[in-house]
Amino acid sequence: MALIKKARIDKLKHKANELFSRTIDQHITLAVTGLSRSGKTAFITSLVNQLINEGNDTRLSFFDPVHQGSFVAAKRVPQKHFHVPRFDYDGAMTALTAEPAKWPEPTHGISELRLAIRYQPNSLLKYATDMATLTIDITDYPGEWLLDLPMLKQTYQEWSEQTQALLKSAPRSAYSKVFLAKLCEIDPFAPASEELLANLAQEYTELLHTFRHELGLSVIQPGRFILPGELAGAPLLEFFPFPDLSSLDANDYQNAADDSFIGMLRSRYLEYKEQVVRKFYQQHFVRFDRQIVLADCLTALNKGKESFADLEHAINMILESYSYGKSGLLSRLFSPKIDKLLFAATKVDHVTPEQHAPLVSLINQLIYKSKHQLNYDAVEVKTLAISSVKATQTGTINHQGKQVPVIQGQRLVNSKKTAESLTEKMTVFPGYVPDTLPNDEYWEKNAFNFINFSPMAGLTKHQCLPHVRMDQVLQFLLADKMI
Ligand code: GDP
């Protein structure tokens, strides 16, 4: 009798399971972005690591499925799109667990990784099934690519004028003079030399690299020039802004021959918008359900006033991709479907714990202007200060009779003699993070000291990486899909 009853229940469960798979959303596409060096590779590595090693010394107490015991296990499964490169999780873990430990290779283009999470439903669904699976497609892509969105509504002339204005103002102007002088020598209506175009585009690209990596600036356009992905070397990336287009006769400009300098620059710009910018939004962006935007505010604070102002500008440009209310450019063009947006300040292990709250308050202010443009009905927004792979320990020291909070870690020192990175142990109070957008007084004091740390020694592949608030990240992004 009991056997018959059990068989019937099993049959019912099987039927319900079938129904469940068909009707319940068990799939989520998670997109991770941020400007170069903002910490995307470290973030995805840690997110995957925390989930697949859950149980081995995990610290995920703010992630309900783990806290309530309904999380069963997670594993990597083959990704859906075979034409998109795979996120190199194994390579990243090999670097972090090497002796001495190294940071993984940063993001250069788009990549994907798929995870399957098994969990026991706690809601009414538990009467239908014992076990459910949530499949997560994680996509990693450079934030620089989002900086190109405004180009979709600009003509070549408008874009040139705006970009020339940037090149002519501090701090960029000191570096762009020679390049701008060369452009002034060119007759825009003369037949174009492909070689000269290629050389000048190369020079413009080098300038963009200098702005990003030496000056620590964030507004880099076109974004693909510094992170071309599979387009490296393509003529599509060989254009640049041309000076003083408004001084040309409007008719002459409109009718410029296709093979003239200006004709060629204009058509490459249009092609770039169609083949690169529009295609990215059509092929990838519209698929994303949830988005994480990472920002390294601490490095910008350390680099100074201009770098920080530029980061603020870039964040506003990036967030334009999510402000798709009824009148937004994006909704008109592509109708995206992102319903949750997490904005995280990374590398918070670089400051002492009492500075975390000011950092969150600072990023709230940074995104405030965009935040109220975001469509709250469509997108739920959260801000967090996190460290994907914690590289420091926190503590206090006694300084002139007072307890002072400090962090301790292995500082990375680039040795020019051996071209290798050496480390030295350091205990520091790196400084104060302002809780509002910094004023001149803050910049005059130069109050913040950012140090590059190497990852902690002794990490292993099958244990969870040390982190700060990755559990709150998982709670916001996944927990509502695992009830
Ligand atoms: P990506 O270009 O956005 O992929 O950036 P990465 O993930 O490669 O990170 C760039 C660099 O930031 C790394 O090489 C590390 O030096 C540093 N970094 C990233 N995440 C953390 C973190 O959580 N803590 C610390 N201390 N450093 C980090």
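The values are calculated or read from the model by the stated rules, or taken from the named source; none is laboratory data. Note that this is a predicted model, so its numbers are computed, not measured. Cβ placement follows ideal geometry from the backbone for every residue including glycine, while neighbour counts extend to all protein chains displayed. Note: areas computed on protein heavy atoms with side chains; ligands, DNA, RNA excluded. Shrake-Rupley method; radii C 1.70, N 1.55, O 1.52, S 1.80 Å.
What angle do you read, to the nearest 10 degrees and between 0 and 90, between the alpha-carbon axis of helix 173-184 and the longest principal axis of the chain? With both axes taken from Cα atoms, the answer is about 50 degrees. Of all DSSP-defined beta bridges confined to the chain, some 60% are antiparallel rather than parallel. Shape analysis of the range 28-182 based on the Cα gyration tensor places the equivalent ellipsoid semi-axes at 42, 20, 14 Å, largest first. Compute the acute angle (0 to 90°) between the alpha-carbon long axis of helix 2-23 and the principal axis of greatest extent of the alpha-carbon atoms of the chain; round to the nearest 10°. Value to nearest ten degrees: 10. At each listed q (0.12, 0.14, 0.18, 0.27 Å⁻¹), what is the log10 of I(q)/I(0) that the Debye formula gives for the range 54-117 modelled as equal alpha-carbon point scatterers? Listed by q, the Debye log ratios stand at -0.46, -0.62, -0.91, -1.07. Estimated from helices alone, the mean residue ellipticity of the chain at 222 nm is -10500 deg cm²/dmol (sum of -39500 (n - 2.57) over DSSP H runs with n ≥ 4, per residue). The angle separating the long axis of helix 356-371 from the principal Cα axis of greatest extent in the chain is about 60 degrees. For the chain, carbon and sulfur atoms together expose 52% of the accessible surface, with a 1.4 angstrom probe and every protein chain in place. Working value for the range 118-259: equivalent-ellipsoid semi-axes of 45, 18, 15 Å, each the square root of 5 times a Cα gyration tensor eigenvalue, largest first.
Among the chymotrypsin sites (Phe, Trp or Tyr not before Pro) found in the range 76-127, those both in a DSSP coil and sparsely packed, with 14 or fewer other Cβ atoms within 10 Å of their Cβ, are 82.
The residues of the chain expose on average 47 square angstrom of accessible surface per residue, using a 1.4 Å probe on protein heavy atoms. A straight chain from residue 279 to residue 86 at 0.36 nm per residue would run longer than the Cα-Cα distance by 67.5 nm. Taking θ as phi - 60° and the Karplus parameters 6.51, -1.76 and 1.60, the scalar couplings of the range 463-480 work out to 10, 6, 6, x, 8, 10, 6, 5, 5, 6, 4, 5, 4, 5, 8, 10, 4, 5 Hz in sequence order, x denoting glycine and proline. The residues packed around residue 256, meaning those with a beta-carbon under 13 Å from its beta-carbon, carry a net charge of -4 if Lys and Arg are +1 and Asp and Glu are -1.
Scattering from the chain was approximated by placing one identical point on each alpha carbon and applying the Debye formula without solvent; log10 I(q)/I(0) at 0.08, 0.11, 0.12 1/Å stands at -0.56, -0.99, -1.14.
Debye-formula intensities of the range 110-198, expressed as log10 I(q)/I(0) at q = 0.10, 0.14 Å⁻¹, are -0.57, -0.77 (one equal scatterer per alpha-carbon, no solvent).
Pairwise Cα distances in the range 224-296 exceed 21 Å in 45 percent of cases.
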